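Inspection log for the structure reproduced underneath, given as structure tokens.
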Amino acid sequence: MNLADSEEMAAHLLTRGYTQTDCLEEADLAIINTCTVRDHAEHRAVSFLGRLRQWKREKSGRRIIFAGCAAQRLGNKLKKIFPYLDLVSGAKEIDQFATLLDRSGLFPTAPGGTLSTQGITGYVTIMRGCDFACSYCIVPSVRGPVQCLPSQIILEQVRQKAAQGYPEITLLGQTVNAWQEKNKTFADLLNEVSAIDGVKRVRFVSPHPIFVTPVFLDKIKQNKKIARHIHLPAQSGSSKVLQEMKRGYTREILLEKIFALKELGFSISTDLIVGFPTETEADFEQTLTLVEEAGFSTAYCFKYSPRQGTLAAQMPLLCEKILEQRLDILLNRVKGLAQQSYQQQVGHPVQVLMETPNKGRSSNNFWVQTQKNYTIGTIVESEVLQAADTLLIVRD
Ligand code: SAM
Ligand code: SF4
């Protein structure tokens, strides 16, 4: 989501005469596009802003923009602490970013270039905000309620991305599969997007397990352009904790959905939180066994971070030592997952979208090396000969 928002901000600046650089020393403008999901992420962004004081002093005319979810949460009080900050642009204001730039009068208005096509995936935001109220999560309060973009606009953006040469489209949203329109579901949208000329593969992130239903699976199962990988955040393996998190599913229901996805050839990665305030040793054990039972291809594991204004922030915290121990144990448990799932691909057919002449990503999201060279952006159908750590070698 932040990548897509960064691209959108960059596009507005490019039309005002800026060019992009990865080198801070060369830059006249620094944008810090932030996350506030965990305290640590916000803290890092704010510390970086602190370090930019010296950078700004070194050359006159340098500008700093603080954007995204931490900007939304902290608002203009940041300007009091960091008076050299030029513009605060919260996550909810992304649609008004150009107006904010113009209104500040701090940025040039000279016409410039457009964003050059980079990479394989074109990101298209299809919805913003979240209507859930998971008890640990700050997103609904910083991003607001769900707003779905009309399919007409989404499809036009996909057409543009395809015309720019992106063979893969990734649809984005906080609960991306909550997208709907009068007579259209998310599955219908996926099918329409993949029918656009030039679109060879479609991914989406982050889906909520609730909307992974038999009807959804039935509608997409014939469509091979929809990548066979899903990042499905489980959060916990304990039904009791899931209920206290207000996730809206139990461990058993989640596993049912996971098995149904696997039947269709999906690989599944996930997010897991350890140390939710009410998590007991037995609950934590359930998360460990979920990892085994679900056969995730990878898992991102987080220590619970209390966020102001959320329901869980009012609950007494577990001690830091327990959080660290549990995170350590879980990280050890998930360490081997990737290698294991790469090994399981040996002997299976694979469909690769080439990202370099001899390397690409399979539909189910594994890195693949080919023996011959191919044009970037083409699809290669092959069979996996062997797995070398986290790389598949194919017969081609
Ligand atoms: N909407 C997605 C879903 O329903 O699961 C997840 C989006 S959330 C912004 C990204 C991930 O951050 C979550 O899956 C969760 O694991 C993690 N996360 C969110 N709040 C957290 C918190 N307070 N402490 C630790 N991790 C958190
Ligand atoms: Fe946060 Fe996702 Fe829950 Fe929404 S559905 S509150 S974004 S974890």
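The values are calculated or read from the model by the stated rules, or taken from the named source; none is laboratory data. Note that this is a predicted model, so its numbers are computed, not measured. Glycine gets a Cβ as well: all are built from the backbone with ideal geometry, and neighbour counts include every protein chain shown.
Structure data summary
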{"quantity": "Where residue 382 falls short, out of the listed (1) part of a loop (DSSP other than H, G, I, E, B); (2) of a type in the set (S, T, N, Q); (3) surrounded by fewer than 20 Cβ atoms within 10 Å (Cβ to Cβ)", "calculated": "(1)"}
{"quantity": "In the range 267-323, the residues that are in a strand (DSSP E or B) and of a type in the set (A, V, I, L, M, F, W, C)", "calculated": "268, 272, 273, 274, 299, 301, 302"}
{"quantity": "In the range 352-372, the residues that are in contact (Cβ under 8 Å) with a residue 24 or more places away in the chain and surrounded by fewer than 20 Cβ atoms within 10 Å (Cβ to Cβ)", "calculated": "355, 364, 365, 367, 369, 371, 372"}
{"quantity": "Matching residues in the range 216-229 - criterion: being out of contact with any Ser or Thr (no Cβ under 8 Å at 6 or more places or on another chain) and either buried (at least 18 other Cβ atoms within 10 Å of the Cβ) or without any contact (Cβ under 8 Å) to a residue 40 or more places away in the chain (or both)", "calculated": "218, 220, 222"}
{"quantity": "Test: residue in the range 337-353 that is at pLDDT below 95 and in contact with a helix residue (DSSP H, G or I) (Cβ under 8 Å, 6 or more places away or on another chain)", "calculated": "yes"}
{"quantity": "For residue 136: the one exception among (1) more than 16 Å from ligand 1 (Cβ to nearest atom); (2) surrounded by 15 or more Cβ atoms within 10 Å (Cβ to Cβ)", "calculated": "(1)"}
{"quantity": "Pairs, first on the phi < 0 side of the Ramachandran plot in the range 238-249, second among the basic types (Lys, Arg), C-beta under 9 Å, six or more apart", "calculated": "238/251; 239/251; 241/247; 242/251; 249/257"}
{"quantity": "Of residues in the range 299-351 being within 16 Å of ligand 2 (Cβ to nearest atom) and among the small types (Gly, Ala, Ser), the one surrounded by the most Cβ atoms within 10 Å (Cβ to Cβ)", "calculated": "299"}
{"quantity": "Which listed residue, of 174, 235, is within 17 Å of the chain's Cα centre (by Cα), on the phi > 0 side of the Ramachandran plot and within 12 Å of ligand 1 (Cβ to nearest atom)", "calculated": "235"}
{"quantity": "Which listed residue, of 244, 263, 256, 279, is among the acidic types (Asp, Glu), within 30 Å of residue 200 (Cβ to Cβ) and over 20 Å from the mean Cα position of the chain (by Cα)", "calculated": "263"}
